[in-house]
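Asker: Below is a structure I'd like to ask you about.
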Amino acid sequence: MSLLNFVKSKVFLKQLGFAIIGIIVFVIVIIQWLKISTNHSQKIEVPDLSKMTIKQVKSKLDELDLDLKIVDSINYNPNYPPLSVIEQDPEAGDFVKENRKIYLKINRPTYQDVVLPNVLKKSRRNAEAVLKAVGFRIGNNPKYVRDIARNVVRGLYFKGKPLKVGDKLPKNSVIELKLGDGKGS
């Protein structure tokens, strides 16, 4: 019997029909099983957790059968309370299933400490640019001391105390400059 005659035979066509029906039934059973086992119709809306403390977030997510995971702490943002949520993933309003982890980024309790760069013997303009670049603010009342160089940095102060190069201060601290008056010899 040739291959062409075998393909045209009733036995082959019957077996092919059984195979197609078996595949269709198998696919339908798998789809139904996936709908049941993956909770396909379930949706939980993620709440807005911004500006909430970890304790508040934990109780809110426990009510909704969701988990939390703190990913990182972000540089201090004064617009948010210390140790409160700044960012979340998935975002508020997204839909998730139960036991999904909500990833959080938390506001630090204070500004991060920054190392004081060496700006001594530099011009006021240059020193202010360097200090602002690393995150400090410059005070409005510089102290002038008798010196040959005018507007050259001779010292730095924080809350009235002298600073040394390499000291650590919180970012956004106000630093006062001690400058030369240009009248010295």
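Asker: Return the pair list, or none, for Cβ contacts closer than 9 Å from residues in region 91-110 that are over 12 Å from Gln42 (Cα atoms) to residues that are part of a loop (DSSP other than H, G, I, E, B) and of a type in the set (Phe, Trp, Tyr), at least 6 apart or on different chains.
Answerer: Pairs found: Asn107/Tyr76; Asn107/Tyr80; Arg108/Tyr76; Pro109/Tyr76; Thr110/Tyr76.
Asker: Got a sec? Which strands (runs of 3 or more DSSP E) wholly within region 108-180 have at least 1 residues that are in contact with a helix residue (DSSP H, G or I) (Cβ under 9 Å, 6 or more places away or on another chain)? Outline the logic, then answer.
Answerer: Details: elements: 113-115, 143-145, 150-158, 168-170.
Once the strands (runs of 3 or more DSSP E) in region 108-180 are filtered for at least 1 residues that are in contact with a helix residue (DSSP H, G or I) (Cβ under 9 Å, 6 or more places away or on another chain), what remains is 113-115, 150-158.
Asker: Next question, about the same structure. What tally of residues in region 20-62 results from selecting those that are outside the structural domain of Phe95 (by TED's automatic domain parsing) and assigned to a helix (DSSP H, G or I)?
Answerer: 18
Asker: Just give me the residues in region 94-107 being assigned to a strand (DSSP E or B) and of a type outside the set (Ser, Thr, Tyr), in sequence order.
Answerer: Across region 94-107, the qualifying residues are Phe95, Val96, Lys101, Ile102, Leu104, Lys105, Ile106, Asn107.
Asker: Considering only region 1-44, how many residues are hydroxyl-bearing (Ser, Thr, Tyr), surrounded by 10 or more Cβ atoms within 10 Å (Cβ to Cβ) and within 30 Å of Val96 (Cα to Cα)?
Answerer: Qualifying residue count for the region: 1.
Asker: Suppose we filter region 63-77 for residues that are free of Cβ contacts under 8 Å to residues at least 60 places away in the same chain and either part of a loop (DSSP other than H, G, I, E, B) or among the charged types (D, E, K, R) (or both); how many remain? Give the steps one after another, and end with the answer.
Answerer: First, pick out the residues of region 63-77 that are free of Cβ contacts under 8 Å to residues at least 60 places away in the same chain: 63-74, 77.
Next, only the ones that are either part of a loop (DSSP other than H, G, I, E, B) or among the charged types (D, E, K, R) (or both) stay: 63-67, 69, 72, 77.
Going through region 63-77 one residue at a time, the tally reaches 8.
Asker: Only one residue in Ile54, Ile31, Ile20 is closer than 21 Å to Lys69 by Cβ and of a type in the set (Val, Ile, Thr). Which one?
Answerer: Testing whether each residue is closer than 21 Å to Lys69 by Cβ and of a type in the set (Val, Ile, Thr) leaves just Ile54.
The values are calculated or read from the model by the stated rules, or taken from the named source; none is laboratory data. Nothing here was measured: the structure is a model prediction, and the numbers come from that model. Note that each Cβ is placed from the backbone with ideal geometry, even for glycine, and that neighbours are counted across all protein chains shown.
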